[in-house]
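Structure record follows, encoded as structure tokens.
The values are calculated or read from the model by the stated rules, or taken from the named source; none is laboratory data. None of the values given here were measured: they were computed from a predicted structure. Note that we place each Cβ from the backbone using ideal geometry, even for glycine, and neighbour counts take in every protein chain shown. Ligands, DNA and RNA are excluded from the accessible area calculation, which covers all protein heavy atoms including side chains. Shrake-Rupley method; radii C 1.70, N 1.55, O 1.52, S 1.80 Å.
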Amino acid sequence: MRSLLLTVILLPLSTQAQIPTSVRADSLAIRSIHTTTLVQGDCYDWLRDLCALGPRLSGSVGSEKAVAYTKSIMDTLGLDRVWLQPVMVPHWVRGDQEQAHIIGRRPLLNESLTLCALGGSVSTGDDGISAQVVEVHSYDELRKMKPKDVEGKIVFFNVPMNQAHLRTFHAYGETARYRVFGADSASKKGAVAMVLRSLSTSLDDYPHTGVMVYRDTTVPHIPGAALSTVAAERLSAALREDPKLKLHIRMTCETLPDVVSYNVIGEIRGTEKPDEIIVVGGHLDAWDNGAGAHDDGAGCMQSIQVLQTFLDMGYAPKRTVRAVMYMNEENGARGGREYARVADSLDENHIFAIESDAGGFTPRGFGIDSVLLVRINANWGSLLGSFGLHELTEGGHGVDIGPLKEHGCLLAGLNPDSQRYFDYHHAPSDTFDKVNHRELKLGAAAMASLVYLVAEYGVK
Ligand SMILES: [Zn+2]
């Protein structure tokens with residue numbers, strides 16, 4: 001079925017009469033959502049401007065510019081309410097450009113490697129760290145090593161993302177634990193630093209940062225860094241030639257005191273059930289080494305686009321629809337927790353939240369809480385499918401809306417095509433030119449379509 005709308009237009013009247021009125025109306029509304037977004041939507045231009053403001057990791061000057069800019073967009077739309085919600089956020093800074101090079105017995109091996117500090121890492125000190133390298137390919141391998149083989153060395157997790165998965169997020173889910181906890185585990189074995197192969201599905205020279213965590217306060221906090229996938233290949237090859245080579249790394253990152261920042265929120269008040277609140281959101285902060293175009297400038301601008309589309313097509317939602325740009329998803333998720341805390345303290349009734357935090361690529365469908373998934377599949381599966389949204393799967397919402405679940409809110413996430421996302425994720429290559437204007441707008445239209453259905457019919 002090409003589209004339900006075409007069916008409605010092309011079939012004779014006698015057949016049309018068999019299609020319930022609400023299905024016809026919903027099909028026309030969703031067609032209008034797509035047309036309005038594709039023809040009149042401004043999200044692509046907003047994203048260009050957002051990316052031009054500079055890096056916007058929590059606590060940075062760029063993040064405050066992003067807050068002001070995002071609020072200014074919503075202020076001009078004619079929403080019922082726009083406001084900033086204060087939240088204390090961590091403030092980690094990268095310091096000088098990181099340095100890494102191999103010191104081998106054979107001068108040929110002595111090359112520089114591209115590397116970046118992981119978010120939250122401690123510094124190496126001004127002089128840097130030079131030490132032998134022990135390459136491992138899993139936690140199991142590290143666990144089985146004798147402490148004397150690790151002590152005083154740099155542990156190198158060379159764990160490629162598994163290319164066999166059709167959806168790259170599955171590979172990311174398997175491998176991210178090395179980035180998050182690798183330094184902690186290496187330190188327990190007596191290592192002086194941890195470097196890992198970047199979490200990327202491509203082979204290039206961009207290092208991909210991301211959050212790391214020191215779980216154990218009883219072991220020393222050692223530096224954690226990511227090598228580009230090319231640098232990881234080079235280091236591994238050099239180790240095969242000279243297992244006793246040393247790696248020198250220098251990073252001057254540090255964690256400063258927490259600072260105040262903001263979630264940015266705008267809403268259209270519902271006409272019939274204003275107390276039932278629907279959230280559509282993304283996270284405004286982004287890693288400092290890139291422009292955060294796909295992660296997650298795209299999701300933020302798409303969320304505001306949902307509101308602009310509703311206003312432009314003259315649709316007044318029955319339930320309140322709120323766009324929320326969360327602060328600090330990348331290294332703390334404080335914005336998401338604070339939003340849920342405030343919602344709870346105000347006794348607000350959030351019935352549904354959807355987040356776009358998987359890139360601004362062609363939408364394929366949604367990940368949805370199981371209770372709602374059954375209902376959406378049964379009632380609207382073919383309708384959404386006729387707009388290219390075929391993949392309705394269980395679970396998979398964004399991090400920021402997660403805390404709303406404790407208060408009974410049903411969750412969903414936009415599922416775009418994932419094949420290119422981890423080329424750019426948390427890397428200097430995540431820039432505006434990697435975003436296609438039609439793909440970005442289609443993602444916004446997809447979210448607006450699902451939000452429209454929930455705004456009309458609720459979740460019960
Ligand atoms: Zn993200």
Using the structure shown, decide if residue 452 is open to solvent by 40 Å² or more (accessible area, probe 1.4 Å), hydroxyl-bearing (Ser, Thr, Tyr) and closer than 30 Å to residue 346 by Cα. no
Candidate set from segment 300-330 (those that are in a helix (DSSP H, G or I) and either modelled with pLDDT under 95 or within 16 Å of the ligand (Cβ to nearest atom) (or both)); member that is farthest from residue 354 (Cα to Cα): 301
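From the list 86, 90, exactly one residue is open to solvent by 30 Å² or more (accessible area, probe 1.4 Å), under 26 Å from residue 263 (Cα atoms) and within 22 Å of the chain's Cα centre (by Cα). Which is it?
It is 86.
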Where residue 445 falls short, out of the listed (1) surrounded by 22 or more Cβ atoms within 10 Å (Cβ to Cβ); (2) on the phi > 0 side of the Ramachandran plot: (2)
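One line per residue, one yes/no per condition, for (1) in contact with a Cys (Cβ under 9 Å, 6 or more places away or on another chain); (2) crowded, with 19+ Cβ neighbours inside 10 Å; (3) assigned to a helix (DSSP H, G or I); (4) of a type in the set (Lys, Arg):
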position	(1), (2), (3), (4)
165	no, no, no, no
171	no, yes, yes, no
202	no, no, no, no
205	no, no, no, no
208	yes, yes, no, no
214	no, no, no, no
217	no, no, no, no
231	no, yes, yes, no
Could you list all residues from segment 192-222 that are within 23 Å of residue 161 (Cβ to Cβ) and in contact with a strand residue (DSSP E or B) (Cβ under 7 Å, 6 or more places away or on another chain)? 193, 194, 195, 196, 197, 198, 207, 208, 209, 210, 211, 212
Do any residues in segment 282-297 that are in contact (Cβ under 8 Å) with a residue 24 or more places away in the chain have Cβ atoms under 6 Å from those of residues that are more than 8 Å from the ligand (Cβ to nearest atom) and of a type in the set (Val, Ile, Thr), where the two are at least six apart or on different chains, and which pairs are they? 287/209; 289/209; 291/431; 293/431; 293/435
Within the group 376, 401, 368, 351, which residue is closer than 22 Å to residue 273 by Cβ and either surrounded by fewer than 16 Cβ atoms within 10 Å (Cβ to Cβ) or within 16 Å of the ligand (Cβ to nearest atom) (or both)? 401
Selected residue [away from the ligand (no atom under 14 Å from the Cβ), among the charged types (D, E, K, R) and either without any contact (Cβ under 8 Å) to a residue 60 or more places away in the chain or crowded, with 24+ Cβ neighbours inside 10 Å (or both)] from 276, 254, 267, 272: 272
Pairing a residue in segment 30-59 that is closer than 10 Å to residue 305 by Cβ with any residue that is among the polar types (S, T, N, Q) and surrounded by fewer than 19 Cβ atoms within 10 Å (Cβ to Cβ), where Cβ atoms lie under 9 Å and the two sit 6 or more apart in sequence or on different chains, gives 44/436
